[in-house]
Amino acid sequence: MLSQLFLYAQIVKGIDAETIMKKLEEQSMEGLKHAKILASRIIQLGGTPSIKPLETPASGFSSSPEDPTDLVHVIQVILKGES
């Protein structure tokens with residue numbers, strides 16, 4: 001979901017897209033910080049973080065919105081993926 005938020009930030013267009021873009025980028029960077037902390041802790045405990053897509057949860061992933069100017073729909077897709 002982290003990379004998806006970042007990618008959505010790059011494709012949104014229209015009125016207030018800049019505001020939404022900044023928020024999505026902030027959220028993706030915050031999530032990346034959490035992922036880094038988690039990976040470091042896994043390593044500290046003697047484990048190896050998985051980098052294989054099939055070994056990581058795929059929940060929350062969705063395809064890019066058809067209309068990047070439909071900001072309401074973009075936000076709805078993101079919120080659906082978060083639940």
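Identify all residues within the range 7-34 that are over 25 Å from Asp70 (Cα atoms) and either of a type in the set (S, T, N, Q) or surrounded by 12 or more Cβ atoms within 10 Å (Cβ to Cβ) (or both); write none if there are none.
Leu32
For the range 53-83, what are the residues that are at pLDDT 65 or above, assigned to a helix (DSSP H, G or I) and loosely packed, with under 10 Cβ neighbours inside 10 Å?
Answer for the range 53-83, where residues must be at pLDDT 65 or above, assigned to a helix (DSSP H, G or I) and loosely packed, with under 10 Cβ neighbours inside 10 Å: Val72, Leu79.
Would you check which residues across the range 1-29 are part of a helix (DSSP H, G or I), out of contact with any Leu (no Cβ under 8 Å at 6 or more places or on another chain) and modelled with pLDDT under 90 and list them?
Ser3, Gln4, Leu7, Gln10, Ile11
The values are calculated or read from the model by the stated rules, or taken from the named source; none is laboratory data. Small disclaimer: the values here were computed from a predicted structure and weren't measured. Quick reminder, even Gly has a Cβ in these numbers, built from the backbone with ideal geometry, and neighbours come from all protein chains shown.
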